[in-house]
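First up is the structure itself, then whatever we jot down about it.
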Amino acid sequence: MTAQIIDGKALSRQLREGFKTRVAALVEQGVTPGLAVILVGDNPASRVYVGNKVKACEECGVRSFHIALPDDTPQAEVLATIARLNADPAVHGILIQLPLPPHIDGRSVLEAISVHKDVDGFHLYNVGGLVVGNTIFPPCTPYGVQLLLDTTGTEVAGKNVVVVGASNIVGKPMALMLLQREATVTICHARTRDLAQHTILADILIVAAGRPGLIVPQMVKHGAIVIDVGINRLPDGKIVGDVDFNGVKEKASWITPVPGGVGPMTVTMLIENTLRSAERALRLRHADDYQEWEAPILKGA
């Protein structure tokens, strides 16, 4: 058996073509979707990520606001910048590029973003909403993984899913989203003993640990779907995931490559969330009742 490739680039291109139509419909009604990206400091990797997000906005017709602040910017100034963007009707999504400099309390900064513009899905309201399936904006990477799984035609309900990595950005929200779809979910992390004992039982294995080559063929069940969220740069400059791709593809039924799997979907779902925010803003432009913000995205609202 050789696994079929889950092509994140292809799905991302397909979705972005659809975004252009949605943007055109919004612009026709006087709303240009806008995404503000705040970068504090001069982290080279962060600059690349921000550049990719700005480029994706331009491709889809979304207006981007790139705000670059020096590394020594006081936290109060970052919060003031967020407050200004919260109040700006031209901005429908606000993203803080992580990591932040050590002197800034990341949680306080993320919580300062309006829940209605938290397109990264990191606000406590959105995180808590995942528990009851009523989040406004699901976190972008897990959201992208969910759509990649859908392309395989696999019914998630009843499947054994193992998530390796318990981060707040990927692992935990991913588990909650899959629970909403009635999967049986196990989360493994750095303190998990005998990792292979858990992974070998997975019908769907999602790996987001940040350790190149962590998952080898003998840890994977025959016919499993393997989603590799890891992005690691080796000393020779090569980008690899957390999964031994060449070995595991001979046992899995479906597998994501790195690069070209989950990565493109993360930025695409950021644009998706921004468009949802702009569409909601248009519907509520003349409304007095703002309860529609409570409608769950994951149920197709």
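Determine, yes or no, whether S46 is more than 19 Å from L275 (Cα to Cα) and touching a strand residue (DSSP E or B) at 6+ places or on another chain (Cβ under 7 Å). When the stated conditions are applied, S46 passes them. Could you figure out which of (1) within 13 Å of G34 (Cβ to Cβ); (2) in a loop (DSSP other than H, G, I, E, B) isn't true of A278? Every condition holds for A278 apart from (2). Is it true that some residue in segment 217-235 is surrounded by fewer than 24 Cβ atoms within 10 Å (Cβ to Cβ), among the aliphatic types (A, V, I, L, M) and touching a Pro at 6+ places or on another chain (Cβ under 9 Å)? Yes - at least one qualifying residue is present in segment 217-235.
In segment 141-148, the condition of being crowded, with 21+ Cβ neighbours inside 10 Å, touching a residue at least 24 places away in the same chain (Cβ under 8 Å), in a loop (DSSP other than H, G, I, E, B) and hydrophobic (A, V, I, L, M, F, W, C) is met by no residue. Just one of the listed residues (V109, V119) is among the β-branched types (V, I, T) and part of a loop (DSSP other than H, G, I, E, B), and it is V119. Out of L11, L98, one residue alone is under 20 Å from the mean Cα position of the chain (by Cα) and crowded, with 17+ Cβ neighbours inside 10 Å. It is L11. The residue that is farthest from V207 (Cα to Cα), among those in segment 176-190 that are in a loop (DSSP other than H, G, I, E, B) and over 18 Å from the mean Cα position of the chain (by Cα), is E182.
Residue-by-condition table, conditions (1) of a type in the set (D, E); (2) out of contact with any helix residue (DSSP H, G or I) (no Cβ under 9 Å at 6 or more places or on another chain); (3) modelled with pLDDT of 95 or more; (4) under 18 Å from P259 (Cβ atoms):
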| residue | (1), (2), (3), (4) |
| --- | --- |
| T2 | no, yes, no, no |
| R22 | no, no, yes, no |
| V37 | no, no, yes, no |
| P44 | no, yes, no, yes |
| G51 | no, yes, no, yes |
| V54 | no, yes, no, no |
| E58 | yes, yes, no, no |
| V62 | no, no, yes, no |
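Taking the criterion of being within 19 Å of T135 (Cα to Cα) and crowded, with 18+ Cβ neighbours inside 10 Å, the only residue of segment 182-211 that qualifies is A183.
When segment 211-265 is limited to residues that are in a helix (DSSP H, G or I), touching a residue at least 12 places away in the same chain (Cβ under 8 Å) and not small (G, A, S), the one that is farthest from N160 (Cα to Cα) turns out to be P264. Applying a threshold of 8 Å to beta carbon distances and a minimum spacing of six or more residues, or different chains, the list of pairs starting in segment 57-78 at a residue that is at negative phi and aromatic (F, W, Y) and ending at one that is in a strand (DSSP E or B) and buried (at least 18 other Cβ atoms within 10 Å of the Cβ) reads F65/G34; F65/L35; F65/A36; F65/V37. Considering segment 236-250, and only residues there that are surrounded by fewer than 21 Cβ atoms within 10 Å (Cβ to Cβ) and among the aliphatic types (A, V, I, L, M), the residue that is nearest to L148 (Cα to Cα) turns out to be V240. Report yes if some residue within segment 42-52 is in contact (Cβ under 8 Å) with a residue 40 or more places away in the chain, of a type in the set (D, E, K, R) and in a helix (DSSP H, G or I); otherwise report no. No.
The values are calculated or read from the model by the stated rules, or taken from the named source; none is laboratory data. If you're wondering where the values come from, they're calculated on a predicted model, not measured in any experiment. Quick reminder, even Gly has a Cβ in these numbers, built from the backbone with ideal geometry, and neighbours come from all protein chains shown.
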